[in-house]
Amino acid sequence: MTEKQENIINAALALFAEEGYKSTSTSKVAKRAGVSEGLIFRHFSNKEGLLQAILQLGEERAKDLFADIVLEPDPKELLKKYVELPIKVKNNKAALEFWKLQFKIKWELELYGEHKMAEVEEALIRAFDQLRYNHPDKEANLLITLMDGLATRGILQESYEMDETVRFLKQKYKL
């Protein structure tokens, strides 16, 4: 990706989050990115193509974020890494801002993208199975739902102190 394409994506991501996808024109994106509107159309075809590029970037970053977790062979360490992930993201200001903007777009457009969690869910099921939980699939689903809520609350409520919840989850799963 060229520097100009990155500038366009970053400008669009920020504007879509600030003003909403539907309210943001490609001319506003071009102005913020310091490029011509024609360049947006050349690289992304239209506003929908630009949105798809942003969502694709989110999927790529999610894969990177979860890579260490899904590749972890030790079930307790896998769970620990997954439970600690929201704190890791919250402590990285650039990552937090990126995910905050991604979440805002997905909330506005009512997109969840559960497919990006498939590998994580499989890894969690495997971990809970190895740890001899009665319903590994239900435990995995519950933990994903809890962590999704924790991430959402951490993004929406800057003052929310998630450390206590993470400590509780680590204690619950004996991590």
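The values are calculated or read from the model by the stated rules, or taken from the named source; none is laboratory data. Keep in mind that this is a model prediction, so the values were computed, not measured. A quick note on method: Cβ atoms are made from the backbone with ideal geometry, for glycine too, and the neighbour counts reach across all protein chains shown. All accessible areas refer to the heavy atoms of the entire protein, side chains included, with ligands and DNA or RNA removed. Shrake-Rupley method; radii C 1.70, N 1.55, O 1.52, S 1.80 Å.
With axes computed from alpha carbons, what is the tilt in degrees of helix 163-172 against the longest principal axis of the chain, rounded to the nearest 10 within 0 to 90?
40
Estimate the FRET efficiency between TYR160 and ARG42 by the formula 1/(1 + (r/R0)^6), using the beta-carbon distance for r and 45 Å for R0, to the nearest 0.05.
Efficiency for this residue pair is about 0.60.
Whole percent per 5 Å bin, from 0 to the bin with the longest distance: what is P(r) over all C-alpha pairs of the stretch 37-168?
Result, from short to long distances: 2, 9, 17, 21, 19, 14, 8, 5, 3, 1, 0, 0 percent.
Per the 1.4 Å probe, what fraction of the accessible area of the stretch 1-89, in percent, lies on carbon and sulfur atoms?
49
If you roll a 1.4 Å probe over the heavy atoms of the protein chains, what accessible area per residue do you get for the chain, in Å²?
58
Would you kindly derive the ³J(HN,Hα) couplings of the stretch 69-79 from the backbone phi angles with the Karplus curve 6.51 cos²θ - 1.76 cosθ + 1.60 (θ = phi - 60°), listing them in order in whole Hz, with x for Gly and Pro?
6, 5, 8, 6, x, 7, x, 5, 5, 4, 4
Using only DSSP helix segments of four residues or longer, with each worth -39500 (n - 2.57), what per-residue ellipticity at 222 nm results for the chain after dividing by its residue count and rounding to 500?
-25000 deg cm²/dmol
Leaving out ligands, DNA and RNA, what percent of the accessible area of the stretch 98-175 is carbon and sulfur, probe 1.4 Å?
51
Hey, what angle do you get for helix 3-19 against the long axis of the chain, alpha-carbon based, 0 to 90 degrees rounded to 10?
80
For q values of 0.13 Å⁻¹, compute log₁₀ I(q)/I(0) with the Debye formula on a Cα-only model of the stretch 65-126, without solvent.
Evaluating at q = 0.13 Å⁻¹ gives log10 I(q)/I(0) of -0.41.
Give the share of C-alpha pairs in each 5 angstrom bin for the stretch 118-175, from 0 to the last occupied bin, in whole percents, shortest bins first.
In whole percents, the pair-distance histogram is 4, 18, 23, 24, 16, 10, 4, 1.
For the Cα atoms of the chain, what angle does the longest principal axis make with the long axis of helix 136-156, in degrees from 0 to 90, nearest 10?
Approximately 50 degrees, to the nearest 10.
Could you pull out the pairs from LYS93/LYS172; LYS138/LYS172; LYS28/LYS90; LYS4/LYS88; LYS47/LYS106; LYS47/LYS100 whose alpha carbons sit more than 18 Å apart here?
LYS93/LYS172; LYS28/LYS90; LYS4/LYS88; LYS47/LYS100
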